[in-house]
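Written out below as C-alpha cells is the structure these notes cover.
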Amino acid sequence: MGDMGDMYRDWSELKKEKKRSDYELIMNLLNKNNIPFVEKNYGSHLIVTIGRDRIDVWPTTNKAKLGVMYHYNAYQFLLKKIINLSGDIK
C-alpha cells in the first residue's frame, strides 16, 4: 500500500486515542464533581443532569446537546454549567 496506507493507519490510531482521551476527560469531570448521569449505548451516549438541565453528551466525539442546540466542545460546555451551578470546580 505504501506511504498512503501508513499515513491512514497512523491517522486512524490518532483518532482512536483522541476518542479515548475525550471520554476520560469528560468522565473524570462528571465523577469528580458528583454530577449525575445515565449511560446509554455502552457509554457512548450520556444523559447528564446539571441543575434543571438535561444534557445529552457524546463523550467520544466531545459533543453535547441542550434542547435543540449542539455544542461541539462538550467538556468546556459542561465545565461552564458546573461552575455556574456551584461556583467552583473540583
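Readers should treat all values here as calculations from the given coordinates under stated rules, not as data from a laboratory. Treat the numbers as computed from the prediction; the structure is a model and nothing was measured.
Size of the chain: Rg and Dmax of its alpha carbons, in Å, are 15.5, 54. Helix 74-86 axis versus longest C-alpha principal axis of the chain: approximately 20°, rounded to the nearest ten.
Per residue of the chain, the DSSP helices (runs of n ≥ 4 H) give a summed -39500 (n - 2.57) that works out to -16500 deg cm²/dmol at 222 nm.
Along region 44-57 the Karplus relation, 6.51 cos²θ - 1.76 cosθ + 1.60 evaluated at θ = phi - 60°, assigns HN-Hα couplings of 7, 9, 10, 10, 10, 10, 10, x, 9, 8, 9, 10, 8, 10 Hz to successive residues, with x for each Gly and Pro.
For H45, the residues whose modelled amide H falls within less than 5 Å of its own, excluding neighbours fewer than 5 places apart on the same chain, are K40.
On C-alpha positions alone, give me the angle between the axis of helix 3-32 and the longest principal axis of the chain, in degrees, nearest 10. With rounding to tens, the tilt is 20 degrees.
Projected onto its three principal axes, the C-alpha set of region 4-50 covers 45, 21, 13 Å, listed from the longest axis down.
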